[in-house]
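Accompanying notes for the structure given below.
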Amino acid sequence: MKILAIETSCDETAVAILEVSGPKRDPKFRVLSHIVSSQIKIHARFGGVVPNLARREHEKNLVPILMQALRDAKLESRARVSSRHSREGGNPESRDFNTRFPIKSGMAKKMQERLHSILEREPELWKHFERKLLGFGKPDIDAIAVTYGPGLAPALWVGVNFAKALNCLWDKPLIPVNHMAGHFYSALIETKKGVQAAKATYKKISFPALALLVSGAHTELVLVKKHGDFRIIGSTLDDAAGEAFDKVARMLGFGYPGGPEIARTAAFGHPESRHAGMKDREIPLRQLTDRNDKFPIKFPRPIINSRNYDFSFSGLKTAVLYFIRDTEKTHSIKKLRPAIAKEFQNAVTDVLVTKTVRAAKEFQVKTVTLGGGVAANAALRERLAAELATQLPKVPLVTPDLSMTGDNALMIALAAYFCGKKTSPDQVWADANVTL
Ligand code: KG4
Ligand code: ZN
């Protein structure tokens with residue numbers, strides 16, 4: 001089966017097409033398309049994601065990205081027929097559309113009206129949809145998966161309404177997917193970014209599993225008893241880990257998003273370093289650790305010893321703020337950036353790793369997985385792997401490819417495959433605050 005997946009929960013417009021074959025206990029995957037269009041540059045100017053700007057960008061991007069995905073997957077044959085018509089004269093789009101929905105019966109008009117009513121709140125998206133997709137033949141896909149939450153409501157609605165319109169036009173079932181389920185499944189596939197029609201390896205895991213999901217808006221420890229059976233055993237009481245990274249980065253004068261910048265600075269933040277400007281993944285892991293360790297800055301590890309599995313990062317963020325406020329009178333904060341970043345990252349990592357390992361022991365899980373934007377953090381990956389190796393050597397840590405840590409649609413396709421439910425479109429809506 002082929003699953004088309006759409007993700008627009010925040011500031012990435014993403015579309016993926018995943019082909020699955022074989023039995024469910026041992027599926028074979030082929031990634032036919034995996035496109036992520038980031039809006040980071042647009043939001044960076046504002047120091048964070050602006051929901052209505054994100055919505056506008058999704059409206060603009062979705063149709064071209066979908067067309068590209070269908071081309072990648074070689075699923076656009078009917079459109080080619082249309083272009084031949086075009087060379088022969090006549091309007092290819094209306095011709096194809098009218099063949100499928102004959103004008104005489106009024107079906108074409110009715111269909112157009114139904115589609116327009118689905119997308120009436122997304123006028124820019126409707127413009128592209130009408131121009132490009134009405135004349136596009138039904139592609140050979142089996143389901144349309146879409147993120148319905150959690151996320152930014154205006155951004156989510158664009159994807160949800162787009163998926164509903166495709167469901168109406170192509171008569172393919174709709175599968176609403178929880179974004180955090182997507183982050184869980186992102187760890188279970190190994191693929192190559194940018195390689196189309198790439199065979200992807202499925203990392204089969206043993207249940208129960210414990211997932212540490214850390215993103216810009218969420219920090220959750222989730223017990224996963226089997227596919228689709230999620231129980232949140234702890235979450236943040238205030239800021240998410242990624243949010244704390246972003247806020248501290250801002251205090252240090254870095255742009256948005258701040259996580260990668262903090263990680264880089266903590267490791268080799270000096271401009272003259274040979275690693276300056278490199279991405280986390282390009283820096284050898286061993287070299288990420290032993291710098292700045294001697295600097296006597298100490299930030300709190302909030303509720304690290306509490307009996308539950310909740311997190312709290314706002315106190316840590318305030319501690320950094322006060323430290324900067326008190327220290328900038330006598331020292332250059334710019335010079336201290338690497339040390340501050342390092343100790344902040346250590347504090348976050350300590351709390352996340354300590355609670356994850358403790359939960360893994362208590363719930364006697366057979367696998368620990370990591371997911372979400374902050375899962376790109378090399379120090380976190382390394383610490384978690386090291387602690388598990390010493391304290392629970394039989395429990396493997398399964399981490400996502402770096403290209404899968406941020407928001408993407410491939411993880412939504414995977415979640416749809418493993419635990420999605422086909423749902424009638426009138427039962428699907430965006431839900432900004434839904435939990436797993
Ligand atoms: O999952 P994601 O792409 O979007 C949400 O669903 O929120 O996560 C984005 C978050 C941002 O807060 C970003 O700063 C953080 O992930 N992040 C990192 C790193 N790369 C991205 N945090 C720490 N270290 C990183 N290397
Ligand atoms: Zn996310």
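Right, Lys127: more than 15 Å from ligand 1 (Cβ to nearest atom), over 17 Å from Ile412 (Cα atoms) and either in a strand (DSSP E or B) or modelled with pLDDT of 95 or more (or both) or not?
yes
Consider only pairs whose beta carbons are under 9 Å apart and that are at least six residues apart or on different chains; among these, list those whose first residue lies in segment 308-331 and is exposed (fewer than 14 other Cβ atoms within 10 Å of the Cβ) and whose second residue is part of a helix (DSSP H, G or I) and modelled with pLDDT of 95 or more.
Asn308/Lys355; Leu321/Lys247; Leu321/Val248; Leu321/Met251
Report the residue count in segment 370-400 for those that are within 15 Å of ligand 2 (Cβ to nearest atom) and touching a strand residue (DSSP E or B) at 6+ places or on another chain (Cβ under 9 Å).
8
Would you check if Gly406 is within 13 Å of ligand 1 (Cβ to nearest atom), on the phi > 0 side of the Ramachandran plot and in contact (Cβ under 8 Å) with a residue 24 or more places away in the chain?
No.
Of the residues Leu156, Leu210, which single one is buried (at least 24 other Cβ atoms within 10 Å of the Cβ) and within 16 Å of ligand 1 (Cβ to nearest atom)?
Leu156
Only residues that are in a loop (DSSP other than H, G, I, E, B) and either within 12 Å of ligand 1 (Cβ to nearest atom) or aromatic (Phe, Trp, Tyr) (or both): list them for segment 361-378, please.
Answer for segment 361-378, where residues must be in a loop (DSSP other than H, G, I, E, B) and either within 12 Å of ligand 1 (Cβ to nearest atom) or aromatic (Phe, Trp, Tyr) (or both): Phe363, Gly372, Asn377.
Do you know which of the residues in segment 216-226 that are buried (at least 17 other Cβ atoms within 10 Å of the Cβ) and at pLDDT 95 or above is nearest to ligand 1 (Cβ to nearest atom)?
Within segment 216-226, the match that is nearest to ligand 1 (Cβ to nearest atom) is His218.
Identify all residues within segment 282-329 that are over 25 Å from Ser235 (Cα atoms), assigned to a helix (DSSP H, G or I) and modelled with pLDDT of 50 or more; write none if there are none.
Across segment 282-329, the qualifying residues are Glu282, Tyr322, Phe323, Ile324, Arg325, Asp326, Thr327.
Output the qualifying pairs, or none if there are none: Cβ atoms under 7 angstrom, residues six or more apart or on different chains, first residue in segment 206-218 and within 19 Å of Leu402 (Cα to Cα) and of a type in the set (A, V, I, L, M, F, W, C), second residue away from ligand 2 (no atom under 13 Å from the Cβ) and not in a strand (DSSP E or B).
Short answer, once both residue conditions are applied: Leu212/Leu352; Leu212/Thr356; Val214/Leu352.
Please go through segment 379-404 and pick out each residue that is part of a loop (DSSP other than H, G, I, E, B), modelled with pLDDT of 95 or more and of a type outside the set (Lys, Arg).
Leu392, Pro393, Val395, Pro396, Thr399, Pro400
The values are calculated or read from the model by the stated rules, or taken from the named source; none is laboratory data. A quick note: this is a predicted structure, and the numbers were derived from the prediction, not measured. Please note: Cβ atoms are built from the backbone with ideal geometry, for glycine as well, and neighbour counts cover all protein chains shown.
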